[in-house]
1. Which members of the stretch 27-55 meet the condition of being open to solvent by less than 80 Å² (accessible area, probe 1.4 Å) and more than 13 Å from I84 (Cα to Cα)?
2. Can you give me the number of residues within the stretch 8-52 that are modelled with pLDDT of 95 or more, in contact with a Leu (Cβ under 7 Å, 6 or more places away or on another chain) and of a type in the set (D, E)?
3. Would you mind stating whether L65 is surrounded by 20 or more Cβ atoms within 10 Å (Cβ to Cβ), touching a Ser or Thr at 6+ places or on another chain (Cβ under 7 Å), at pLDDT 95 or above and closer than 27 Å to A132 by Cα?
4. Here are some residues: G134, G77. Which one is in contact with a strand residue (DSSP E or B) (Cβ under 8 Å, 6 or more places away or on another chain) and over 24 Å from Q27 (Cα atoms)?
5. Considering the stretch 68-112 alone, what residues qualify as being hydroxyl-bearing (S, T, Y), modelled with pLDDT under 95 and surrounded by fewer than 21 Cβ atoms within 10 Å (Cβ to Cβ)?
Amino acid sequence: MSYPQQIEKKVGVKIINAGVYGEFSSQGVSRLPSVLENKPEIVILCHGVNDIYFKHDVKQLKENLLEMINLIQNSGGKVLLAGISNFALLSKDIHAVYDEVAKESGVLFEDNICRIVLASNLLKTDYRHPNARGYELMADAFIDILNLPRTETAISSSRCYEYKKMKGMC
């Protein structure tokens, strides 16, 4: 399950997953206005992995992220920016452009979870894509930073997982 599906399940609200596999940030800027027609209250902007991985111009990525943030905010939406790994050899640090964009725009910024997920082969399907457990951790991090209330079912499920974790069952 993707992180938007996980959030929907854990929080009990309708989530629109508007992510497009393999998209570059320039494509995201072009496509975003049609997504914003849905009038989302919150947008989790987790974009740019392909730009970074395929070594596109970082200056252009920054401009595209700032443009997407402006479009979202001008439509009345709140933005949570998710930092993406720099994909450098022997490093899973978040690319510096995300910190710059967060500081310049003043949006909420989650700068840790993608680094954690990409650092563990147990949390991803390949070099740059999370698996279901990785997406679950991302969902939990995004829920926490957005301070979203969890449904009772999700709380019970989470407690069950924590119990199993403590007992070494997962």
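1. G28, V29, R31, L32, P33, S34, V35, L36, P40, I42, V43 - these are the residues of the stretch 27-55 that are open to solvent by less than 80 Å² (accessible area, probe 1.4 Å) and more than 13 Å from I84 (Cα to Cα).
2. 0
3. Details: surrounded by 20 or more Cβ atoms within 10 Å (Cβ to Cβ): yes; touching a Ser or Thr at 6+ places or on another chain (Cβ under 7 Å): yes; at pLDDT 95 or above: yes; closer than 27 Å to A132 by Cα: yes.
Yes.
4. Working: G77 fails: over 24 Å from Q27 (Cα atoms).
None of the others qualify; the one that does is G134.
5. S91
One line per residue, one yes/no per condition, for (1) open to solvent by 50 Å² or more (accessible area, probe 1.4 Å); (2) among the hydroxyl-bearing types (S, T, Y); (3) part of a strand (DSSP E or B); (4) modelled with pLDDT under 50:
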residue: G134; (1), (2), (3), (4): no, no, no, no
residue: D140; (1), (2), (3), (4): no, no, no, no
residue: I143; (1), (2), (3), (4): no, no, no, no
residue: R150; (1), (2), (3), (4): yes, no, no, no
residue: I155; (1), (2), (3), (4): no, no, no, yes
residue: R159; (1), (2), (3), (4): yes, no, no, yes
residue: Y163; (1), (2), (3), (4): yes, yes, no, yes
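The values are calculated or read from the model by the stated rules, or taken from the named source; none is laboratory data. Predicted, not measured: the structure shown is a model, and the values here were computed from it. When we count neighbours, we look across all protein chains shown, and the Cβ atoms used for this are built from the backbone with ideal geometry, even at glycine. Quick note on the areas: whole protein, heavy atoms, side chains included, nothing else; ligands and nucleic acids left out. Shrake-Rupley method; radii C 1.70, N 1.55, O 1.52, S 1.80 Å.
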